[in-house]
Amino acid sequence: MAPGDARVLIATDADVVAARQKGREIASARGFSATDQTLIATAISEVARNIVTYAGTGRIDVSPIDDHGRAGILVIASDEGPGIPDTALAMRDGYSTANSLGLGLPGAKRLMDEFEIVSTVGGGTTVTMRKWVR
């Protein structure tokens, strides 16, 4: 990991809070507005909570990024849980296998500028999100 990067191991609700806080700290250091810091922290919270709920354990990596003069933040949430059989279905508002509102993944996607999900049944899930300073 490079200087300024953070890794938070996720297994409990307290870890979700810690990942959220690390994301907010890095976003602040990158020059994100208070509103965007909250959006980033919320997106991190959603994907971290999914790790606790569905996989049990995983990690959140948060890194400052730059692209052609644009400052941003990269968040990678990964686990080795059961995987998602149908990611397109999981990205639909209201879909949930845990009797929740089903807004976690689609909500996180709306909050960030870029969002990718890769999942393999029996092999885990990786969500990659980016947000750019405006």
Residue-span extension gain [Arg70 to Gln21] - 0.36 nm each, minus C-alpha spacing: 15.4 nm
What residue among Gly31, Ser45, Pro85 has its Cα farthest toward the positive end of the dipole of segment 6-132, where the charges are +1 on Lys, Arg and -1 on Asp, Glu, each on the Cβ? Gly31
Restricting to DSSP H runs of at least four residues, report the calculated mean residue ellipticity at 222 nm for the chain, -39500 (n - 2.57) per run over all residues, nearest 500 deg cm²/dmol. -11000 deg cm²/dmol
How far, in degrees from 0 to 90, does helix 34-50 lean away from the longest principal axis of the Cα atoms of the chain, to the nearest 10? 30
Under a plain spin-label model, where a point goes 7 Å from the Cα along Cα-to-Cβ, how far apart in nm are Val133 and Thr53? 3.3
Got the relative contact order for segment 7-73 handy, in percent, Cα pairs under 8 Å and 6 or more residues apart? 43
5 Å is the cut-off here: which amide hydrogens, built 1.01 Å from N in the peptide plane, fall below it relative to Ile65, excluding neighbours closer than 5 in sequence? Gly72, Ile73, Leu74
By average C-beta atoms within 10 angstrom, highest first, the peptides 85-93, 107-115: 107-115, 85-93
Over the Cα atoms of the chain, each weighted equally, I'd like the Debye log10 I(q)/I(0) at q = 0.12, 0.13, 0.19 Å⁻¹, rounded to two decimals. -0.42, -0.49, -1.03
FRET efficiency for Ala29 and Arg110 from the Cβ-Cβ distance with R0 = 30 Å, rounded to 0.05, comes out at 0.80
With springs only between Cα atoms under 10 Å, which of Ala18, Ala48, Ala77 fluctuates most in a Gaussian network model of the chain? Ala18
Taking the 0 to 90 degree range and rounding to the nearest ten, how far is the long axis of helix 13-30 tilted relative to the main principal axis of the chain, both from C-alpha atoms? 30
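Computed from the coordinates by the stated procedures, all read-outs in this text should not be read as laboratory data. Not measured: the values here are computed from a predicted model. All Cβ positions, even for glycine, are placed from backbone atoms using ideal geometry, and neighbour counts span all protein chains on display.
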